[in-house]
Amino acid sequence: MKKKLMIALTAVSIAVLFSSCGKVPQAEIDAVNAAIEAANTAGASVYVAEDFAALQDSMLAVNESIEAQNGKLFKNFDGVKAQLAVVSQLAADTKVKAETRKEEVKQEVIALQTDVTKLLASNNALIAQAPKGKEGAAALEAIKGDNGLVETSLTEVSELVAADNFMAALDKAKAAKEKGDAINAELSEVIAKYAKNKKR
């Protein structure tokens, strides 16, 4: 009688063990998916694209592990739970990285906006000083047009910043500064040459 009871208890214990290990950890999966979405909302796919791709790959590996267990007679999701814990931490880290990088890009854009604004003021002052002779009139008009494009770009940068699109704003602000610097150098050279010829 005792032997039969022990066998029955052992069978029940094994059944409980397999049933506890054999259920898909849906709550953990949902939590990790939410953490990944939170990282994406924070801009991870834009500001830390490589980290976000690695995060997605990690979750893909978890899904493959789940599929592998689902194909077995005796399922055990303990390994999957361990994987999910790692991916959950990775998602949290990626979110923080994205937020940090976004703030860095934002500050870089703000600094460039200040630089380009100063450049525009400097270029406008140089345009006023530039020689107005017949030969240089067409070139000066072209420079004025280019300087106007830099001004337009600066407005577009402000619009992108207002839309929280800092990466696109950064690219446009860099291009505007590069163009503004080129105009400044060209004008400075023309004015210097004109002043030198006047002294002769």
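The values are calculated or read from the model by the stated rules, or taken from the named source; none is laboratory data. All values derive from a computational prediction rather than experimental measurement. Note: ideal-geometry Cβ built from the backbone for every residue, glycine included; neighbour counts use all protein chains shown. What goes into the accessible areas is simple: the full protein's heavy atoms, side chains included, and nothing from ligands, DNA or RNA. Shrake-Rupley method; radii C 1.70, N 1.55, O 1.52, S 1.80 Å.
The orientation-averaged projected area of the convex hull spanned by the Cα atoms of segment 56-200 comes to 12.9 nm². Estimated at the nearest 10 Å², the accessible area of Glu104 is 100 Å² with a 1.4 Å probe.
Between the beta carbons of Thr41 and Thr114, assuming R0 = 41 Å, the FRET efficiency works out to 0.90 to the nearest 0.05. Along the axis of the charge dipole computed for the chain (Cβ charges of +1 for Lys and Arg, -1 for Asp and Glu, origin at the Cα centre), the listed residues Gly71, Ser122, Ala139 are led at the positive end by Gly71.
In this simple spin-label model, placing a label point 7 Å from the Cα along the Cα-to-Cβ direction at both Leu149 and Val96 gives a separation of 4.4 nm. Against the longest alpha carbon principal axis of the chain, how many degrees, from 0 to 90 and to the nearest 10, is the axis of helix 49-70 turned? Approximately 20 degrees, to the nearest ten. Using DSSP to call loops (not H, G, I, E or B), can you name the trypsin sites (Lys or Arg not before Pro) in segment 100-146 whose Cβ has at most 16 other Cβ atoms within 10 angstrom? When the trypsin sites (Lys or Arg not before Pro) of segment 100-146 are filtered for loop state and at most 16 Cβ neighbours within 10 Å, Lys132 remain.
Filter the chymotrypsin sites (Phe, Trp or Tyr not before Pro) in segment 40-112 down to the DSSP loop ones having no more than 12 other Cβ atoms within 10 Å, then list what survives.
Details: sites: Tyr47, Phe52, Phe74, Phe77; in loops: Phe74, Phe77.
Listed in order of number, the matching sites are Phe74.
For segment 27-42, putting each phi into the Karplus relation 6.51 cos²θ - 1.76 cosθ + 1.60 with θ = phi - 60° gives couplings of 4, 5, 4, 4, 5, 5, 4, 5, 5, 5, 5, 5, 5, 5, 4, 6 Hz, in residue order, rounded to whole numbers and with x for Gly and Pro. Sort out for me the Cα centre separation of segment 21-38 from segment 68-101, rounded to whole Å. One Cα centre to the other: 8 Å.
From helices alone, the chain scores -31500 deg cm²/dmol at 222 nm; the rule is -39500 (n - 2.57) for each run of n ≥ 4 DSSP H residues, then divide by the residue total. Its relative contact order, with pairs defined as Cα atoms under 8 Å and 6+ residues apart, puts segment 17-108 at 48 percent.
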